Structures are given as C-alpha cells and as structure tokens.
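First the structure, in the form of structure tokens, and then the observations on it.
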Amino acid sequence: MPRHLFVPDVAWANPDGPAPGYPVDRTRDEAAWWEAVYSDASLVTQRDDGGSDVLGDGLASSSCSAPGAVFAFLESLMVKDHDRVLEIGTGTGWTAALLSHRVGDRNVTTIEIDPVLAERAAANLKTAGYAPRLVVGDGAEGWPDGAPFDRVHVTCAVATIPYAWVEQTRPGGLILTPYSPGYGYGWLARLAVVGDGTAVGRFPSSAGYMLMRSQRPARGAAFDWVHGSDDPAESTTRLDPRHLHDDTDADLFICAGVPGVQKRLYYDEETDSGEATFWVLENAGHDGSWASVDYVPGKTEFLVQQHGPRRLWDEVSAAYLRWLSLGRPARDRFGLTVSPEGERVWLDDPINLIGP
C-alpha cells in the first residue's frame, strides 16, 4: 500500500531517534519529500486541529505515523481473514488502506472526528482504490450500527478507554490502543474482550501518540498552574525528585495510584548547575492542584511546595516508594481491566488491583 498516496505535499518529518524534525515540501525539493515519505519517520500533516501552519510550532494534531510503529501495531492486532475492523482515527487514511488490503474494504469502518481530514482521507483512499466505510464523528462513541467488530484499531492515545469499544467488540475480539493516562510517556494496551462485559490485557510496549481530542489534558508551562494568590504549603524531602521522572518503569504504578496528573522536569539551562525542578500538575486545568520539588546538587534535603486540595507530591512520592518496596516491577508485569464500572490497572494478576 504505497505511503506516498497518503502524504500531502507539505509536512513536518519527525525521524525515529534523537535527530531533529525537519520540513518537507514536494514543490521545493521533491527528492527530499520522497526520501522522507519512505523513511521510518512520522509525518505531521496538521497542527492545532487545522488552526495553524503544519510547518509552525503548534500542537501536532494529525500525522501519517512512522512505518515501523504502524507495522508493529498492526502485527499486534493479529487480524485474520474476514475480520471486521473498527478503526478510531482515520488521519491520512493510510492504515485504513492497509487494513482494507488485508480484510477487504467492506470489513473496515474508520472514524475521523475532523471533517477536513476525513475529506482528504476519502480522496486518498479513492486514489489507492479502496472505499472502507468512513464515518465523520467522535471515535469515543465507536460505531454501534456496525457492531460487533472482531478488532478495534486505535490510532490516537486515550487517557480513559471508552467502554463503547468493549460493548461493540465480540467476545474473543481484540482492542489495541495507545494508553496515556497522563503521568509518563504512554503504553500500548492490548485487550481481549471476554464474555462478562469486560476487556482484559497487558501493555506489550511503550507508545507515544497524540491524544484523542476529547481527552486532552491541560497544556502549557508548569507556571501556568501557579497563581499570585496561591499560598503553597512548604516542606522538605530527602527523596531525589529526579528519580520520579527518570524511573519510567514506575509510571504505570504511579498513574494508577495517583490518577489525573502529569509530571514535568525542568533543568536550569542558564547556569548549567545541575539544578532542576520537578512538577506534578493536575490534568483537568490550570486551576487544579500542583506541587514542585527543587533539586539542588549536594543538598541532603529538597524544598517541596504544594498547593490545592490535593497534596500531589505526597501522593506521587508515596506511590513511588510503594513501587520500590515491591521490587521495582517493570511494564511487562502490569495489566488493565476495563468494565462498565471503569478501568483498573493491576500487577501480575487481575485480582491484584492498584490504585485508590
């Protein structure tokens, strides 16, 4: 399924690895455009939901994902002949075309919330010779008219897995979605739907994807959470706050026990002193609770400031220390159960639930 049929003339390439992103423009340098299209780079095709230039510095809101990630994702989906697939997030239409090639376009339903992107994807798919059912709507609602599905393939991250996807998947079917509750990078969740109305699975790999529009957390610099009227409670800690940023194996455990938060770490780049500030911020908005911890090399204790009804440093540090006491369990020991009552992360076995 030729990728070039789904990439616009102007895009922003993000190579795999530490190399910086760069613009590609087919009208100015066609050879560079072709090279980017057939490299293992994700290609940003929209920013700020279409409100800013794709080559600007706005928030990326749609892309043609990197081939390596796409193929690994589809392999984990374990699609079989004649499977009926629901895709959430059409984007450029490339993965819808890949799925259509595999199971036939009559077996693929793809949902895109952005009508402009949906129109472009429909044109791309037509050029490629496929016509899956393309629905303009909120992917969180799924497509009940086409249920039940054998596979649900999600191309955007979610902080909470919509139960509609479980309801619309037949028993034994699979849901594959990037899962990003907020604290940490994000993971790929692979869930099997069982006969009692629940979905159960694990996290086979990490996965950093754009969040579903309806589930985006508050964004901005950490100081956007701090207001002049705030009167933070102060204390000290002997725990090095950098560990809570760098020990990424703890992220799943912490986000399960401390829901609805995100973390940041800022180093003092002006003085290159090694000083840093670790932040924990409520996802809901800039009026939420916040906490900061100032790391200073050589100090035995670090200043903690916390504001709001939640004491976020106390919550996060307690969860981190609990994770240490369990022997630092890695990502492959965690799992997720989704039911009508919500979702719960567990360790080793679904009966070992984590969280408040």
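Okay, here's what the table says:
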{"quantity": "Cα-projected label distance for THR236 with PHE223, points at 7 Å along beta-carbon direction, nm", "calculated": "2.6"}
{"quantity": "DSSP bridge orientation in the chain - percent antiparallel, rounded to nearest 5", "calculated": "75"}
{"quantity": "Other-chain or far-sequence residues with amide H under 5 Å of LEU211's (modelled H)", "calculated": "ALA157"}
{"quantity": "Gyration tensor (alpha-carbon) shape descriptor, the range 1-48, a/c threshold 1.5", "calculated": "rounded"}
{"quantity": "Paramagnetic label zone (point 7 Å from Cα along Cα-to-C-beta, LYS80; backbone N under 15 Å) in the range 166-191", "calculated": "170-175"}
{"quantity": "Cα-based reach from LYS263 at 29 Å (exclusive), listing lysines while leaving out same-chain residues under 8 positions away", "calculated": "LYS299"}
{"quantity": "Solvent-accessible area of CYS255 with every protein chain in place, 1.4 Å probe, in Å² to the nearest 10", "calculated": "10"}
{"quantity": "Charge context of THR236, other residues only, Cβ under 12 angstrom, K/R +1, D/E -1", "calculated": "-1"}
{"quantity": "Helix-derived mean residue ellipticity, 222 nm - over the chain, DSSP H n ≥ 4, -39500 (n - 2.57), to 500", "calculated": "-6000 deg cm²/dmol"}
{"quantity": "Order of exposure, largest accessible area first, which applies to LYS126, LYS299 with probe 1.4 Å", "calculated": "LYS126, LYS299"}
{"quantity": "Using θ = phi - 60° and Karplus 6.51 cos²θ - 1.76 cosθ + 1.60, couplings along the range 56-65 (whole Hz; Gly, Pro as x)", "calculated": "x, 10, x, 6, 5, 10, 6, 7, 9, 4"}
{"quantity": "Highest-MSF residue in the chain out of VAL44, VAL226, VAL258 [GNM, Cα springs under 10 Å]", "calculated": "VAL226"}
{"quantity": "Placed amide H near VAL154: partners under 5 Å, 5+ positions off or other chain", "calculated": "ILE88, LEU176"}
{"quantity": "Within the accessible area of the range 1-70 (1.4 Å probe), percent carbon and sulfur", "calculated": "52"}
{"quantity": "In sequence order, calculated HN-Hα J values of the range 274-280 (Karplus, 6.51, -1.76, 1.60; Hz; x Gly/Pro)", "calculated": "x, 5, 8, 10, 9, 10, 10"}
{"quantity": "Dipole axis of the range 1-89 (+1 Lys, Arg; -1 Asp, Glu on Cβ), positive-most option in VAL79, LEU59, TYR22", "calculated": "VAL79"}
{"quantity": "15 Å beta-carbon shell around PRO23, net charge (K/R +1, D/E -1)", "calculated": "-4"}
{"quantity": "LEU191, LEU239, ranked by accessible area, largest first (probe 1.4 Å)", "calculated": "LEU239, LEU191"}
{"quantity": "Local net charge near ALA72, Cβ-Cβ under 14 Å (Lys/Arg +1, Asp/Glu -1)", "calculated": "-2"}
{"quantity": "Accessible surface, per residue, of the range 71-198 when the full set of protein chains is kept, probe 1.4 Å, Å²", "calculated": "40"}
{"quantity": "Carbon + sulfur, % of accessible area of the range 227-356 - ligands and nucleic acids excluded, 1.4 Å", "calculated": "47"}
{"quantity": "Accessible surface ranking that places the most exposed of TYR209, TYR183, TYR295 first, with a 1.4 angstrom probe", "calculated": "TYR209, TYR295, TYR183"}
{"quantity": "Long-range HN-HN contacts of ASP40 with modeled amide H, under 5 Å", "calculated": "none"}
{"quantity": "Accessible area (Å², 1.4 Å probe, nearest 10) - MET78", "calculated": "100"}
{"quantity": "Probe 1.4 Å - accessible area at GLU275, Å² to nearest ten", "calculated": "70"}
{"quantity": "Structure-derived percent of Cα pairs over 35 Å apart - corresponding label in (1) 30; (2) 38; (3) 23", "calculated": "(1)"}
{"quantity": "Table column - 3J(HN,Hα) (Hz), the range 246-253, Karplus curve with 6.51, -1.76, 1.60, x for Gly and Pro", "calculated": "8, 7, 5, 5, 7, 4, 4, 5"}
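The values are calculated or read from the model by the stated rules, or taken from the named source; none is laboratory data. Just so it is clear, the structure is predicted and the values come from calculations on it, not from any experiment. Note: ideal-geometry Cβ built from the backbone for every residue, glycine included; neighbour counts use all protein chains shown. Heavy atoms of the whole protein, side chains included, go into the accessibility calculation; ligands, DNA and RNA do not. Shrake-Rupley method; radii C 1.70, N 1.55, O 1.52, S 1.80 Å.
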